[in-house]
Amino acid sequence: MLLTPAQSATIDAAVHDVMRDEHISGLALAIARNGRIILLRGYGKRDDKPVSGATVFRIGSLTKQFTAALVLQQIERGALSFQTVAHGATVQALLTQTSGIPNVTSMQPDQIAAALTAQPLFAPGTNWAYSNTNYLILGSLLQASSHMPFPTLLARQITQPLHLESTRAPTDDAAAGMTSTASDLVRWLGDLGAGRVVDTTDLRAMTSSAALLTGERTHYGYGFYVRDWYGWAIAEHPGYVDGSSADDALVVDDGLAIAVLADATNAYLVPITKTIVSTILPARDPSLVADFTHPAENENPAVTATVRALVAELATATVDRSLLSQPLDAQLDAAELARLAQMLKPLGPLTLVEFIGRSSNAGNVMEKYRLTFGYKQYWMRLTYLPNGKIDALSIEPDRG
């Protein structure tokens, strides 16, 4: 398939909006479907040179999906097992980030050693916490089981067979150390989704939400977050290192692959990825779109920032009352703020705000968001009056 001019214009507009809001000077974008690249484009400049789809960037934590695939290959060969134990955690728990091992703030050996000797945050399998340390341990297990350094194993098992000529691991960092291009990443996702990297059973586990011992979903598979965007199952992961940000996504049961790379630290690129999904694929689930008869609308980074700030205030039993209508101001009294804080504060930091959709009635605007705190998800609904004041607000668990 080829993109229509209208689809291409929608994607370009989303890219330019995010580049402006996230202060990005250079960005590379690639889109492929069923292994065929349908858009490969660069925007802006990096180091005074035009960016293209072949510009090499550091990809940060996108490294984890490659590491997970190598671990699964070793398991398929019998060189490792899901039940292999390292530092008190199984390979399964390390892959799914349910090990309880503390995260390191950098890849320095002394910090890694300190994290591994620290008291676990929780018993394996009882909770979820994102930790680079888990994937550094997996990198050590890969080296021990294959008798090769991580860069050599990556080249031999993945990048050379798949002809990913610009994808490399300059160091042994199996959590966030790789470099790649947008064009290589969509080819990688296409081969992964087609079963040319790991077998179909392992691919299904890699791109499906793991479960805790309680049965609760973690919304993380092996090296991928597991998203539900407009009814489509998505395997997605952001990547952040100093000076570079990345995001890639695979629509698991469609074959649509997206990669976005940017030359900015901590740039939020998900609005671009979501816009591409909703522009190319029709929404599947009416509950995830405010008006199912129209294409899905996507996050506006500025609105997302406002919602994020509002949720942070409510978690501390406060609210900016200048945002509220008179009836809602009266409703959010001390008792109601205390109730909301009691619900929100134990959830910890808000890790993702997803704008699901917007509809209007008699001049009022209703907006729906999905909030992710660690592995727990909540719905947030807001109603705005024509004067911009918030007139209704609700936050409730996502029971899906």
* To do: Could you look through region 199-225, keep only residues that are assigned to a loop (DSSP other than H, G, I, E, B) and closer than 16 Å to residue 255 by Cβ, and pick out the one that is farthest from the chain's Cα centre (by Cα)?
  => 207
* To do: State all residues of region 308-335 that are basic (Lys, Arg) and within 17 Å of residue 391 (Cα to Cα); if no residue qualifies, say none.
  => 321
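Identify all residues within region 129-147 that are of a type in the set (A, V, I, L, M, F, W, C), modelled with pLDDT of 95 or more and open to solvent by less than 60 Å² (accessible area, probe 1.4 Å); write none if there are none.
First, the residues of region 129-147 that are of a type in the set (A, V, I, L, M, F, W, C): 129, 136-138, 141-142, 144.
Of the ones still in play, those that are also modelled with pLDDT of 95 or more are 136-138, 141-142, 144.
Those that are of a type in the set (A, V, I, L, M, F, W, C), modelled with pLDDT of 95 or more and open to solvent by less than 60 Å² (accessible area, probe 1.4 Å): 136, 137, 138, 141, 142.
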* Run down 62, 39 and say which single residue is part of a strand (DSSP E or B), at pLDDT 95 or above and under 19 Å from residue 271 (Cα atoms). => 39
* Asked: Does region 148-171 hold any residues that are open to solvent by less than 60 Å² (accessible area, probe 1.4 Å) and assigned to a loop (DSSP other than H, G, I, E, B), and which are they?
  -> 148, 149, 162, 164, 166, 167, 169
* Of everything in region 237-284 that's open to solvent by 10 Å² or more (accessible area, probe 1.4 Å), part of a helix (DSSP H, G or I) and polar (S, T, N, Q), which residue is nearest to residue 299 (Cα to Cα)? -> 275
* Asked: Does any residue in region 9-38 that is over 19 Å from residue 183 (Cβ atoms) come within less than 8 Å, Cβ to Cβ, of a residue that is open to solvent by 50 Å² or more (accessible area, probe 1.4 Å) six or more places away or on a different chain, and which pairs are these?
  -> 17/300; 19/25; 21/302; 25/45; 25/46
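Only one of 356, 272 is modelled with pLDDT under 85 and under 21 Å from residue 248 (Cα atoms). Can you tell me which?
Numbers: 272 fails: modelled with pLDDT under 85.
Just one listed residue meets the conditions, 356.
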* Asked: Here are 311, 307, 353, 303: which of them is in contact with a strand residue (DSSP E or B) (Cβ under 7 Å, 6 or more places away or on another chain) and open to solvent by 30 Å² or more (accessible area, probe 1.4 Å)?
  -> 303
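Which one of 106, 140, 81, 99 is in a helix (DSSP H, G or I) and either closer than 18 Å to residue 375 by Cα or not β-branched (Val, Ile, Thr) (or both)?
Numbers: 106 fails: in a helix (DSSP H, G or I); 81 fails: in a helix (DSSP H, G or I); 99 fails: in a helix (DSSP H, G or I).
Selected residue: 140, the only one of 106, 140, 81, 99 that is in a helix (DSSP H, G or I) and either closer than 18 Å to residue 375 by Cα or not β-branched (Val, Ile, Thr) (or both).
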* Asked: On the given criteria, is residue 174 of a type outside the set (D, E, K, R) and either under 15 Å from residue 250 (Cα atoms) or open to solvent by 60 Å² or more (accessible area, probe 1.4 Å) (or both)?
  -> no
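Filter region 344-368 for residues that are in a strand (DSSP E or B) and over 25 Å from residue 212 (Cα atoms) and give the result. Explain how you work it out, then say what you get.
Taking region 344-368 and keeping what is in a strand (DSSP E or B), we get 352-361, 364-368.
Matches in region 344-368: 355, 356, 357, 358, 359, 360, 361, 364, 365, 366, 367, 368.
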* Structure fact -> Screening 335, 330, 290, 341 for residues that are outside any strand (DSSP E or B), modelled with pLDDT under 95 and hydrophobic (A, V, I, L, M, F, W, C) leaves only 290
* Structure fact -> For region 332-360, pairs from a residue that is aromatic (Phe, Trp, Tyr) to a residue that is surrounded by fewer than 18 Cβ atoms within 10 Å (Cβ to Cβ) and in a helix (DSSP H, G or I), with Cβ under 8 Å and 6 or more apart or across chains, are 355/303
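What's the total number of residues in region 366-387 that are open to solvent by 40 Å² or more (accessible area, probe 1.4 Å), under 21 Å from residue 275 (Cα atoms) and among the aliphatic types (A, V, I, L, M)? Please lay out each step first, then the result.
Taking region 366-387 and keeping what is open to solvent by 40 Å² or more (accessible area, probe 1.4 Å), we get 366, 376, 381, 384-387.
The next check asks that each one be under 21 Å from residue 275 (Cα atoms); those that pass are 366, 381.
Pick out the ones that are also among the aliphatic types (A, V, I, L, M) and you get 366.
Of the residues in region 366-387, 1 are open to solvent by 40 Å² or more (accessible area, probe 1.4 Å), under 21 Å from residue 275 (Cα atoms) and among the aliphatic types (A, V, I, L, M).
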* Please state which of the following conditions residue 106 fails to meet, knowing it meets all the rest: (1) free of Cβ contacts under 8 Å to residues at least 60 places away in the same chain; (2) surrounded by 14 or more Cβ atoms within 10 Å (Cβ to Cβ); (3) under 23 Å from the mean Cα position of the chain (by Cα). => (2)
* Hey, among the residues in region 78-103 that are free of Cβ contacts under 8 Å to residues at least 60 places away in the same chain and at positive phi, which one's least open to solvent (accessible area, probe 1.4 Å)? -> 100
* **Test: residue 317 is part of a loop (DSSP other than H, G, I, E, B) and surrounded by 13 or more Cβ atoms within 10 Å (Cβ to Cβ)** => yes
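The values are calculated or read from the model by the stated rules, or taken from the named source; none is laboratory data. Keep in mind that what you see is a predicted model, and the values were worked out from it rather than measured. Methodologically, a virtual Cβ is constructed for each residue, glycine included, from the backbone with ideal geometry; neighbour enumeration extends over all protein chains shown. When the accessible area is computed, the model is the full protein with side chains, heavy atoms only, and any ligands, DNA or RNA have been set aside. Shrake-Rupley method; radii C 1.70, N 1.55, O 1.52, S 1.80 Å.
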